[in-house]
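Working notes, structure below.
The values are calculated or read from the model by the stated rules, or taken from the named source; none is laboratory data. Quick caveat, the model's predicted, so the values are computed rather than measured. So basically every Cβ, Gly included, is an ideal-geometry build from the backbone, and we count neighbours across all protein chains shown. Areas reflect the complete protein model, heavy atoms only, side chains present, ligands, DNA and RNA absent. Shrake-Rupley method; radii C 1.70, N 1.55, O 1.52, S 1.80 Å.
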Amino acid sequence: MTTARRIDVQLGERSYPVHIGPGVRSLLPGIVARTGAARAVVVSARPPGAVPDPGVAHRVIRARDGEHHKTLATVHELCREFAAFGLTRADLVISCGGGTTTDVVGLAAALYHRGVAVVHLPTTLLAQVDAAVGGKTAVNLPEGKNLIGAYWQPRAVLCDTELLRTLPREEWANGYGEIARCHFIGAGDLRGLPVHEQIAASVGLKASVVAADERDAGLRHILNYGHTLGHALERATDYAVRHGEGVAIGTVFAGRLAGALGRVGRDRVAEHLETVRAYGLRERLPAGVRAAELVALMRQDKKATTGLTFVLDGPSGVERVEDVPESVVVSTLAEMGRERS
């Protein structure tokens with residue numbers, strides 16, 4: 001039997017636990033009680049019968065999952081629902097869904113009454129290993145991903161591994177893209193471990209990084225490994241390439257780019273490809289996506305302040321690298337290969 005794990009995100013008075021394991025959603029009523037909230041709104045992407053009872057008077061709102069609903073309009077609708085229910089700043093919001101639901105609900109909670117408590121119950125592998133932990137909440141603009149957001153830490157995160165049993169294959173791949181990139185930013189080799197251990201290792205790494213750099217002043221940039229190209233692929237394909245898939249392809253690219261810049265050797269470049277392949281993930285660029293479009297989109301990445309900016313491996317470890325020559329980026333993209341259309 002899998003034993004539940006607890007990992008604490010250490011942020012002083014705003015510290016909170018992340019519970020990982022089968023059945024941990026049963027902890028929800030106790031967590032809600034400790035907040036002192038008398039009312040709650042549950043925003044859920046799960047079927048009605050799968051929504052846990054928070055133990056207080058509550059309203060369930062159906063989430064609209066998917067990147068196309070990750071907008072300020074959705075946040076506006078949620079906040080109106082909160083107001084219609086009479087939610088106060090002494091009450092609580094609960095997210096129950098994947099990465100998009102977690103992001104949108106987190107931002108709505110951050111903005112409503114200038115901040116109400118939120119608890120995340122992530123129900124996909126992607127959300128459990130990444131989106132629900134760390135307090136980054138954001139929505140997209142046509143000009144880019146996650147350009148409108150806030151830092152708003154949850155009161156608790158419940159990563160119930162029982163909820164992963166019904167995930168379709170593409171959702172497993174979506175989550176494993178984030179786990180694969182953890183290999184290169186300090187989590188170690190997670191290949192072949194049971195999924196609850198992979199989640200715990202990914203969450204533990206992220207918790208330590210967030211505790212050291214909550215607001216992206218430096219170290220937290222390593223969590224964006226593989227994301228610059230990944231985000232560009234999502235936008236270039238109108239999100240037909242899912243987030244974790246894009247991160248997997250972006251991780252292979254990050255290894256190749258670091259090699260092209262002389263930051264790592266051939267063995268380390270090959271390790272990127274081998275790791276992504278071990279998880280059965282996509283490794284090549286989609287057919288029909290132009291390199292020029294990807295470069296233009298990568299220039300709009302929110303961490304870019306000076307030219308093309310990437311998080312890359314190197315002799316001093318993983319770090320942000322600015323002003324990468326466009327010619328090197330284009331030639332590295334050409335070496336990635338293309339999927340068949």
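A few remarks follow.
- Only Cα pairs under 8 Å and 6+ residues apart enter the sum, and on that basis the relative contact order of the chain stands at 14 percent.
- Under a 5 Å amide H cut-off, with hydrogens placed 1.01 Å from N, V118 pairs with V93, R155 among residues at least 5 apart or on other chains.
- Couplings 3J(HN,Hα) of segment 99-111, computed from phi: x, 5, 4, 4, 5, 5, 5, x, 5, 4, 5, 5, 8 Hz, in residue order, whole Hz [Karplus 6.51 cos²θ - 1.76 cosθ + 1.60, θ = phi - 60°; x for Gly and Pro].
- Loop-located trypsin sites (Lys or Arg not before Pro) in segment 203-265 (DSSP state other than H, G, I, E, B) with a sparse environment of at most 11 neighbouring Cβ atoms within 10 Å: R215.
- In order through segment 63-80: 3J(HN,Hα) via Karplus (6.51 cos²θ - 1.76 cosθ + 1.60), integer Hz, x for Gly, Pro: 7, 10, 7, x, 4, 5, 9, 8, 9, 5, 4, 5, 4, 4, 4, 5, 4, 5
- Accessible area of the chain divided out per residue, in Å², using a probe of 1.4 angstrom: 41
- Ellipticity at 222 nm from helices only: DSSP H runs of n ≥ 4 in the chain, each -39500 (n - 2.57), divided by the residue count, give -11500 deg cm²/dmol.
- Amide H partners (placed H, <5 Å) of G66, local residues excluded: T100, T101
- Projecting the Cα atoms of H113, G98, P22 onto the charge dipole of segment 18-134 (Cβ charges, centred on the Cα centre) puts H113 farthest toward the positive pole.
- Residues whose amide H lies under 5 Å from that of I61, counting only those 5 or more places away or on a different chain, are V42, V43, S44; hydrogens are built 1.01 Å from N in the peptide plane.
- Against the chain, whose longest principal axis comes from its Cα atoms, helix 326-335 is set at around 90 degrees.
- Accessible-area composition of the chain, carbon plus sulfur, in percent [1.4 Å probe]: 50
- Net +/- balance of residues flanking L141 in space, Cβ distance below 11 Å, scoring K and R +1, D and E -1: +3
- Between the helical axis of 195-212 and the longest alpha-carbon principal axis of the chain there is an angle of about 90 degrees.
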